[in-house]
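Chemist: Take this structure first; my questions come after.
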Amino acid sequence: MSDISTAAIPAPKRPALKSHRFGFLLNLTLLALLVVLWLALSVSTRSFATFGNFENLLRQDSMWSIMAVGQTFVIITAGIDLSVGAVVGLTSTVIAMLLAGGVPIWASIVITLLIGGLLGAINAFGIVNLRLPPFIMTLATMTALRSFGLLITDGQTIGGLPLKFILFSSHRTLGIPNLFIIVILIAVPCYFLLHRSRWGRYLFAVGSNPEAARLSGVSVNRTIYLAYIVSALLASVVGVLVASRIGIGIATTGQGWELQSIASSVIGGTSLFGAVGTVIGPLLGAMLLTTINNGANLMNVNPFWQGIITGLLIIVIVYFDQLRRRKTR
Amino acid sequence: MDNPAPRPPTDAPILELRQVDKRFLGTHALKQVDLAFRQGEIHAIVGENGAGKSTLIKILTGAHVRSAGTILWQGREVALASPLDAISLGINAVHQEVVLCSHLTVAANIFLGDERTNAGLLRDRAMVAEAQRLLDDLGFDLRADAVLGDLAIGQQQLVATARAAARGVKFLIFDEPTAYLTRQDTDKLFRLIRRLNGEGVTIVYISHRMEEIFQLADRVSVLRDGQKVATHVVAETNERELIRDMVARTIEEVHYKEAIPAGDVLLEVTGLSGPGFRDVSLTVRRGEVVGLYGLVGAGRSEFVQCLFGRTKRSAGQVKLRGEPVTIHHESDAIARGIALVPESRRDQGLCLNMGVGFNLNLPVFGRISPTGLVDTGAERRGAAKQIADLRIVAASAGVPAATLSGGNQQKIVVGKWLNHGAELFIFDEPTVGVDVGTKVEIYKVFASLLKAGAGIILISSYLPEVYDLSDRLHVFSRGTIVASHDAKSAHPETILTEAIGV
Ligand SMILES: Nc1ncnc2c1ncn2[C@@H]1O[C@H](COP(=O)(O)OP(=O)(O)OP(=O)(O)O)[C@@H](O)[C@H]1O
Ligand SMILES: [Mg+2]
């Protein structure tokens, strides 16, 4: 329902992008929550506020952040990508096999990312051309890709990666861990793609009303391809990074990360109904989840509690976000 | 009635359909339609609900692909296989249901698919400014940076119109554009249509409101049952002839009302305030229609939403059958015999993917499943009765509501409360998109409800309708009642002026 002032009385011309304001408010809240958590952890544990731990935090965060951004692209189109965790697992084994087989580092990375993009295209093919629901299609690829990774490695760990490749993830540039630099290198173009380019606009349009997008001459199919390719491509970047970080290829890597990425995205204000989301939101959401994880470890909280804490946090944050949205409507 | 500006007379068709045919699963929606639109004319299309008007439009805009037949654009055969094909020829449409993105801003919707960019980056500010200029220029009182979903349906329809007009069109189709518009906005729309037409744009105009056809159009084609039955020059035909062509039977009177004696007071509202409206007082007696007239956004819908328990009241009292009641929730309202036929049938009135029969029975499933199991016989009978009484055109009671024509969807929304047997009926724009024949059916339904002792609150932006039907008429403006009249005691122009609030 409209409010009466916009209809009957000529409204003053002030910028009032309500949906943008919501995103901004939520992000501020998340940031504040993070700072509070960090302060609390610094006071209550001796090891949190150390340089080593902070670096560790950033490294773990970078994995989930990158995946959460990709997931957000998909969720904005009112879809879901359950396969990202499996893509991480498969691509990390693929790059390990390539490197162990003596393929140059740059070529291994390029091939792995191409495979990642291809996996996204397969998801999109199922959703667009075969008209399968995203949940089903990505559930199927999640299951299949996980098995495929185990199949090609015969369930074995792959070692013997070049030292240069392994060291990348533990080094820093200008004092910042390399892994976190990758987050920035990815987040910035993603921001422009999502919020400043017409392709980004089409992602929102498709998530909001695909029929309206289609009748406007927008290629809904291409837009959906874009979303799933971005998501899988970013997951394969994480696959490369995780292989560098742990120094081996294991096909089971990234199990459950699809849910982490969805949780980060939703905590960051993305609506599972589509058409609502930002790039910065999932970055903050992922950082929050990483901090809770890290803090719980440091405080010797029973690790079984972590899932419960994360679950409650999702409910509380999304509940308050919904509440505010409804009030202002 | 003003005459359209003189245009260069031309008989050359800009767009021609030959033997165009469209089949959906189980429905033959268009049957070998031959139709030629002349360059620069305003061509109206009329027909009953389900006659195939919207289907025809969707084929012209590439939204549906025809099953057979050829289409010529300026004498050359064209494929029209996708919306992009149509857009690139300069064919645009304002569709019957608002198809825009509710999460995007007005400006983003206007430029969707045609964004202004600079080195690949969106020029959002420039687009907002340009859209605002366009809206101001058209006289639409809207903000380009508002989020579309925050606007009322009528306002969204205006955005759709602005959008179509913005796209360098040669051929512009309006599918029932005035259904959700107020008189004031309708006038603006007509001015816009005449202006575009004066600039050489060919216009196709679909409406169930006959007077609009006679005001606007040069020629009019009639569809019946998917077939084109006639094309008339508007100046050489009349309403009676058109209706006869449309329905192939005669309809006694378009605005139908029986005198029914008023009974005791059913509803008494005093000083009710809530979100979007304030200080509303009115009474509804049994056997009485109380009309609420006003511009879109004047607070009428907000008032009835509150009455129905969807929003909280902040002040005032509601008495039902003489007893003070507090309605916290829709289910309270329904249990107390209040039925709301909402304004937005797609969002609020229908489960679009579910069957026609399912929708018709939705309010009564509790009653027809006393053991917890649904009495499928009662379900079938309830659906069949309304389908027959309201003449709902559907392949069967099982087909999804989404596949019905707009008017037939509206009949379902009304029909489901008739099954329920409520006593106080709130109709929010009940005849939007409903053809003349069905309108009479719905008015007859009103009469039978009233005779059975029910009371009706009727919201309509269509002044002739509220004016003719209401026993008492309250005029809303800016959230409150600004005037009240007994049946036909005021001149329609007075009422309009009160509603605009000048
Ligand atoms: N997508 C669809 N699938 C199946 N049947 C459809 C579909 N769209 C329309 N129809 C059927 O085609 C017929 C024509 O519908 P259409 O919407 O063109 O009618 P209309 O003349 O626009 O009616 P109204 O005045 O009610 O808007 C109807 O019987 C309708 O049920
Ligand atoms: Mg129609």
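The values are calculated or read from the model by the stated rules, or taken from the named source; none is laboratory data. None of the values given here were measured: they were computed from a predicted structure. Neighbour counts run over all protein chains shown; Cβ positions are idealised from the backbone, glycine included. Areas reflect the complete protein model, heavy atoms only, side chains present, ligands, DNA and RNA absent. Shrake-Rupley method; radii C 1.70, N 1.55, O 1.52, S 1.80 Å.
Chemist: Are any of the residues in the range A:225-241 within 14 Å of chain B (Cβ to nearest Cβ), under 29 Å from A:L31 (Cβ atoms) and open to solvent by 10 Å² or more (accessible area, probe 1.4 Å)?
Modeler: For the range A:225-241, residues within 14 Å of chain B (Cβ to nearest Cβ), under 29 Å from A:L31 (Cβ atoms) and open to solvent by 10 Å² or more (accessible area, probe 1.4 Å): absent.
Chemist: Filter the range B:294-311 down to the residues that are farther than 11 Å from B:G274 by Cα and within 7 Å of another protein chain (Cβ to nearest Cβ) and list them by number.
Modeler: Once the filter is applied, which keeps residues that are farther than 11 Å from B:G274 by Cα and within 7 Å of another protein chain (Cβ to nearest Cβ), the range B:294-311 yields B:L295, B:V296, B:G297, B:A298, B:S301.
Chemist: Given the conditions (1) away from every other protein chain (no Cβ under 14 Å); (2) in contact with a helix residue (DSSP H, G or I) (Cβ under 8 Å, 6 or more places away or on another chain), which single one is not true for B:E330?
Modeler: Against the list (1) away from every other protein chain (no Cβ under 14 Å); (2) in contact with a helix residue (DSSP H, G or I) (Cβ under 8 Å, 6 or more places away or on another chain), B:E330 comes up short only on (2).
Chemist: Looking at B:R195, is it away from ligand 1 (no atom under 16 Å from the Cβ) and either out of contact with any Asp or Glu (no Cβ under 8 Å at 6 or more places or on another chain) or among the acidic types (D, E) (or both)?
Modeler: Yes, satisfied.
Chemist: Related question: Quickly run through the range B:82-117 and pick out the residues that are open to solvent by 10 Å² or more (accessible area, probe 1.4 Å), farther than 21 Å from B:V128 by Cβ and within 20 Å of the chain's Cα centre (by Cα).
Modeler: Listed by number, the residues that qualify are B:N92, B:A93, B:H95, B:Q96, B:E97, B:V99.
Chemist: Counting only residues that are of a type outside the set (V, I, T) and within 14 Å of chain A (Cβ to nearest Cβ), how many does the range B:274-292 have?
Modeler: Number of matching residues: 6.
Chemist: Filter the range B:43-74 down to the residues that are within 16 Å of ligand 2 (Cβ to nearest atom) and among the charged types (D, E, K, R), then identify the one that is surrounded by the most Cβ atoms within 10 Å (Cβ to Cβ).
Modeler: B:K53
Chemist: What helices (runs of 4 or more DSSP H), lying completely within the range B:1-113, carry at least 1 residues that are within 16 Å of ligand 1 (Cβ to nearest atom) and away from every other protein chain (no Cβ under 13 Å)?
Modeler: Output list reads B:53-60.
Chemist: Taking the stated definitions as given, is A:V266 within 14 Å of chain B (Cβ to nearest Cβ) and either under 14 Å from B:H103 (Cβ atoms) or in a helix (DSSP H, G or I) (or both)?
Modeler: No, not satisfied.
Chemist: Test of understanding: among B:E268, B:E252, B:E258, which residue is modelled with pLDDT of 85 or more and either closer than 29 Å to B:R472 by Cβ or in a strand (DSSP E or B) (or both)?
Modeler: That would be B:E268, the only listed residue that is modelled with pLDDT of 85 or more and either closer than 29 Å to B:R472 by Cβ or in a strand (DSSP E or B) (or both).
Chemist: Has the range B:417-424 got any residue that is within 14 Å of chain A (Cβ to nearest Cβ) and more than 16 Å from ligand 1 (Cβ to nearest atom)?
Modeler: no
Chemist: Would you be able to tell me the number of residues in the range B:158-180 that are at pLDDT below 90 and within 16 Å of ligand 1 (Cβ to nearest atom)?
Modeler: Within the range B:158-180, residues that are at pLDDT below 90 and within 16 Å of ligand 1 (Cβ to nearest atom) number 5.
Chemist: Can you work out which of the residues in the range B:383-401 that are modelled with pLDDT of 85 or more and in a helix (DSSP H, G or I) is farthest from ligand 1 (Cβ to nearest atom)?
Modeler: Applying the filter and picking the extreme gives B:K385.
Chemist: Show me the strands (runs of 3 or more DSSP E) found entirely inside the range B:271-353 where at least 1 residues are aliphatic (A, V, I, L, M) and at pLDDT below 90.
Modeler: B:338-341
Chemist: Here's a follow-up. Being assigned to a helix (DSSP H, G or I), over 19 Å from B:Q348 (Cα atoms) and of a type outside the set (A, V, I, L, M) is the filter here, so list the residues in the range B:418-465 that pass it.
Modeler: B:G437, B:T438, B:K439, B:E441, B:Y443, B:K444, B:F446, B:S448, B:K451, B:P464, B:E465
Chemist: Additional query: Report whether or not B:T182 is in contact with a Leu (Cβ under 8 Å, 6 or more places away or on another chain) and within 11 Å of chain A (Cβ to nearest Cβ).
Modeler: Answer is yes for this residue.
Chemist: Taking the range A:164-213 as the search range and keeping residues that are part of a helix (DSSP H, G or I) and among the charged types (D, E, K, R), which one is farthest from the other protein chains (Cβ to nearest Cβ)?
Modeler: Among those that are part of a helix (DSSP H, G or I) and among the charged types (D, E, K, R), it is A:K164.
Chemist: Under 6 Å between Cβ atoms, which residue pairs at least 6 apart in sequence (or on different chains) link something in the range B:383-408 that is touching a residue at least 60 places away in the same chain (Cβ under 8 Å) with a partner that is within 16 Å of ligand 2 (Cβ to nearest atom) and open to solvent by 50 Å² or more (accessible area, probe 1.4 Å)?
Modeler: Qualifying pairs under 6 Å: B:A395/B:T27; B:N408/B:V393.
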